[in-house]
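To keep things clear, I will list the structure first and then write my remarks on it.
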Amino acid sequence: MDILFILEKSVIILVVFAITMLIALYSTFGERVFAAYFQDRLGPNRAGPLGLLQPLADGVKMFTKEDFIPDTPNKFLFIFGPFMFMTTALISSSVIPWGDKLVIMGRTIQLQAADINVAILFVFGVVSIGVYGIMIGGWASNNKFSLLGAVRASSQMISYEVAMGLSIIAVLMVSETLSLRGIVEKQHGFIDWTAIKIGNTYLPWFSWYVFKQPLAFLIFLICAFAETNRTPFDLPECESELVGGYHTEYSSMKLGFYLFAEYINMFISSALIALLFFGGFNYPGMDWVSNNIGVNAATLLGVGAMFAKTLFGIFFYMWVRWTVARFRYDQLMNLGWKILIPLAIVNIVVTGAVVLFTTN
Amino acid sequence: MTDYKSISLSGRKKDVSERDMTFMEKLYLPAIMKGMGITLRHFFRPKATIQYPEQKREFSPVFRGRHILMRDENGAERCTACGLCALSCPAEAITMTSAEREKGEENLYREEKYASTYEINMLRCIFCGLCEEACPKEAIFLTQDMAPADYRREGFIYGKEKLVMKIEDPKK
């Protein structure tokens, strides 16, 4: 391993960390502004031009609040909970490919912190550990509402992880790789000219997996909402029943960590949806740009495309939040276990049959 | 036998159907799409917000706000402390004491009798405007302004220094 490689990866990790933080910071602002717009209001627009300094004001508020620790038997776990939730939320961004490769002075740089061949499994593993952050925090609060919220959160996340994993299997059967970069490269461009093979003739079809695996996309999308505890599945923190859910007892920056980590989770899951189903850094006409203008230009446009898709995903989360009412808990469990999981299994079987018949 | 289900005294009764949902309705997704269309339409709508300190909502011309004790065209107070406003006040918010005009005060008070103190308790006042109607001298009026907030109850008892029209004020 040469020194340039370490330098290059360090820069990428730093930039990814900074961008993740920035986007999560402005998601909190975006949430408030979009919420207002969906309700025919204007939202915060006083702090700085267009209210753009509002997140800083919120941050200052969070830091200067009293850091209250309730009378709990285990202070260490109470502090450890938000720390763990935040850490796991940040770790999963390490395997996400933000762009193709840049060529600078004869050196090829992949815009990704780590291209591991089991990236999807890694993400799923890290996300499952995230449940511990909620569970530990809720349990250590020594408060029945927090505990109820934490139990709800963990059972919800565990049940929806099953359907999410099953829906991904159908995608993996088509992509034949677990590496996120590999999956994105399989969705090259926008139209796959050899997508469907009938006899000796090929028919074109869109190369993005949302067109090849629409059902898997739908299941994954619904599960992603449940995994990030967003409306309509925001039962862990529903104010009307549980005061504040698992973070009822938290204040100051510990609460800030929980809320912030949720926005990071939202960003990462939007990025995952973009990677798995919307072709990540692929965009129509990327080959033309690459051949006529240059590889670096094509890559930078691809990074733009990736972020555009991700940001639209975040907007979509907020859009759904102000449209759909919260599910009841039994409805949530019914949807997860009785509808999404069977659907995902059917999808696997159908995909398997299609793959088998088209490859022979 | 009367069909009780069809009775509607208001004539606006709607029959609620208890049929099972169709397959499309059970899918739930078309309804969500429709709802998202509605929220998106609201997203691009003109906003109802009035940006308060810069923009102010127009009051109705008959809006009844803070009181004012008028002066006549020479700048003399019109009020003669007759007490009709206090009498008519349903909230008993107005108190006053009267005094006789001294020599040389003709430019200050219009008639021989005037109100030496005049107090309205803004916490009692219901802004009904009956004082305005009762006044025979056209001395008290309700303006378009609001009574501002205060930290203490005493601050809401408005004396003459707050009620009497300022001399440089344009004629209302």
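The values are calculated or read from the model by the stated rules, or taken from the named source; none is laboratory data. It should be emphasised that the depicted structure is a prediction, and the values quoted were computed from it without experimental measurement. All Cβ positions, glycine included, derive from the backbone under ideal geometry; neighbour counts span all protein chains shown. Protein only, heavy atoms only, side chains kept; ligands, DNA and RNA dropped before computing areas. Shrake-Rupley method; radii C 1.70, N 1.55, O 1.52, S 1.80 Å.
Data table
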item	result
Where residue B:167 falls short, out of the listed (1) surrounded by 11 or more Cβ atoms within 10 Å (Cβ to Cβ); (2) among the hydrophobic types (A, V, I, L, M, F, W, C); (3) closer than 12 Å to residue B:70 by Cα	(1)
Checking residue A:18 against (1) surrounded by fewer than 18 Cβ atoms within 10 Å (Cβ to Cβ); (2) at pLDDT below 90, the condition it does not meet	(2)
Within the range B:112-144, tally of residues that are open to solvent by 70 Å² or more (accessible area, probe 1.4 Å), of a type in the set (D, E, K, R), part of a loop (DSSP other than H, G, I, E, B) and touching a residue at least 40 places away in the same chain (Cβ under 8 Å)	1
Elements of type helices (runs of 4 or more DSSP H) contained in the range A:225-318, each with 1 or more residues being open to solvent by less than 30 Å² (accessible area, probe 1.4 Å) and within 30 Å of residue A:215 (Cβ to Cβ)	A:252-277, A:286-292
Qualifying residue in the range B:36-55 (condition: touching a residue at least 24 places away in the same chain (Cβ under 8 Å) and not small (Gly, Ala, Ser))	no
Boolean, residue A:255 is of a type in the set (A, V, I, L, M) and modelled with pLDDT of 85 or more	yes
Hey, residue A:356 aliphatic (A, V, I, L, M) and under 30 Å from residue A:27 (Cβ atoms) or not	no
Candidate set from the range B:29-54 (those that are more than 9 Å from chain A (Cβ to nearest Cβ) and within 30 Å of the chain's Cα centre (by Cα)); member that is least open to solvent (accessible area, probe 1.4 Å)	B:50
Check on residue B:61, farther than 29 Å from residue A:334 by Cα and either open to solvent by 60 Å² or more (accessible area, probe 1.4 Å) or within 14 Å of chain A (Cβ to nearest Cβ) (or both)	yes
Residue within the range A:158-166 that is in a helix (DSSP H, G or I) and within 30 Å of residue A:69 (Cα to Cα) present	yes
